[in-house]
């Protein structure tokens, strides 16, 4: 899917970037935190977009890599004082070490669609059970990270650095996705997504493509886990391997925003984050009920969008552009 | 860790069988839906949780025994099933598989949070007069009475459904549609109607299951999720669409789960269960008895 790169688009994008960079310096901690979380989910959505949107594989167990990444970098920090900037890379490498054989097993066995979804969900549950029973990583108690200012160790008292890192991660993902989309790998992935038999017949190594996207996505998820640990300062298996939070929510962003597009998942997740905040502002709702209501709306939107607008917001906009006279598409 | 005597093992076996019957019933409903309309219904179990809440309130305010409340929940959920089918499910029949999963996942998120919104997150339960009664079986083995009754209900329903599918006119239409949808349509069977009633029956099953389970368990909005994951695993491993597979699978999962809890911790037991099931799927993606998925 291509996007117009005419002067206006570039200009708008640059303007947006300036706003995004400058604006947060003037907001409260609360809003900054909200933005950071929104960006974090956008990052997760975009990483998942690689394996689902560009390769068509319904891998619902990606929380495994998030958790592994987070735990590795945190253990390294807490036990050996290794900076998470390095620890995150190590964590992501461990994630690859797990994703590679896992992906090979999964895709060698011709698991598709539902079976793949189930097995990947099962793998996430297995890891959660494993970590819950493993005292070395704190089991069900979890691990606390120190609350202090230690820039070299990815710990900040102010929210601002976290914001910029999150922003950098999201922008990086967008660029990465755009590069992948235009690369040979990206095209092969789309071929696999659309019709695996035809792709195989035309000579594409579907197994290799699927594993590549799977591992790639896992690598990125791990960084997400590291970021979360450094930001929230507390990790526990129930959060780090949680499917609803780490898989379903980003999935929402991908489906609503438009899977297999460069900007879709970002737009989709941001929309949801904004929606969540708006709902929180309604005065007569309070406490946990608000998040439940937000999730209800999410579920409803996911259902409706999947039924009617399966190409998501981006697809809808593309169609609209095509139909509106005077547009150059 | 205490001594694992023979008694403990047998007690776990019995416990596993009791649970297994419930898993079998839920998997039956799920595989039925998959078999006849290729529907991956992630939101299965949510209505069961809803039934649990209804039974809680019926007992708390009107002293209605949970098993008696199935008389209300079964037809109520049958009707809800018909409505749900009309509103959502009917449109999902023709859309691609992964989108279908998204739709039902969305339903799952919606229902779970609807209940969280309405009832809050604190677990609720009921305490009937016989809630703690144990039926002695033999030697030292005792059976928890409410669980036993629940198991009887499940067994009864499984047999009843089996007969329905084998002997009745609806059952024959159902089997024809499950075998070959287009062929069935050509033969004059109104497949939409078969789908609708199959879905409604599955929902009614949820109602009965929920009302039965609340007799010995507590309910919170999140009880549905682990249930559906297990049920899906059972169905896919046994072979989607295979009803005998689902029944056997459900019972086996109940037993494996109980045994793992005896020898290891409960959460690790669940992990092991998932691992075994995942391994089976990896070696045989179409499951033990099933047709090809997708």
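Looking for whichever is in a loop (DSSP other than H, G, I, E, B), over 27 Å from residue B:5 (Cα atoms) and modelled with pLDDT of 80 or more here; the options are B:245, B:224, B:241. Which one fits? When all the criteria are applied, what remains is B:241. Would you call residue B:281 under 21 Å from residue B:154 (Cβ atoms) and either surrounded by fewer than 18 Cβ atoms within 10 Å (Cβ to Cβ) or within 13 Å of another protein chain (Cβ to nearest Cβ) (or both)? Judged against the criteria, residue B:281 is not a match.
Here the condition is being assigned to a helix (DSSP H, G or I) and within 14 Å of chain B (Cβ to nearest Cβ); of A:270, A:293, A:278, it holds for A:293 alone.
Do we have any residue at all in the stretch B:79-94 that's surrounded by fewer than 22 Cβ atoms within 10 Å (Cβ to Cβ), away from chain A (no Cβ under 14 Å) and in contact with a strand residue (DSSP E or B) (Cβ under 8 Å, 6 or more places away or on another chain)? So far as the stretch B:79-94 goes, no, none of its residues is surrounded by fewer than 22 Cβ atoms within 10 Å (Cβ to Cβ), away from chain A (no Cβ under 14 Å) and in contact with a strand residue (DSSP E or B) (Cβ under 8 Å, 6 or more places away or on another chain).
Has the stretch B:127-140 got at least one residue that is surrounded by 19 or more Cβ atoms within 10 Å (Cβ to Cβ) and more than 8 Å from every other protein chain (Cβ to nearest Cβ)? No - not one qualifying residue is present in the stretch B:127-140. I'm checking my understanding of the structure. Among residues of the stretch B:96-107 that are surrounded by 15 or more Cβ atoms within 10 Å (Cβ to Cβ) and more than 7 Å from chain A (Cβ to nearest Cβ), which one is nearest to residue A:290 (Cα to Cα)? Among those that are surrounded by 15 or more Cβ atoms within 10 Å (Cβ to Cβ) and more than 7 Å from chain A (Cβ to nearest Cβ), it is B:104. Mind listing just one residue for me: the one in the stretch A:140-157 that is without any contact (Cβ under 8 Å) to a residue 60 or more places away in the chain and in contact with a helix residue (DSSP H, G or I) (Cβ under 8 Å, 6 or more places away or on another chain) and, of those, surrounded by the most Cβ atoms within 10 Å (Cβ to Cβ)? Among those that are without any contact (Cβ under 8 Å) to a residue 60 or more places away in the chain and in contact with a helix residue (DSSP H, G or I) (Cβ under 8 Å, 6 or more places away or on another chain), it is A:156.
The sole residue among B:174, B:199 that is buried (at least 21 other Cβ atoms within 10 Å of the Cβ), modelled with pLDDT of 90 or more and farther than 20 Å from residue B:16 by Cβ is B:199.
The values are calculated or read from the model by the stated rules, or taken from the named source; none is laboratory data. All values reported here derive from a predicted model rather than from experimental measurement. Note that each Cβ is placed from the backbone with ideal geometry, even for glycine, and that neighbours are counted across all protein chains shown.
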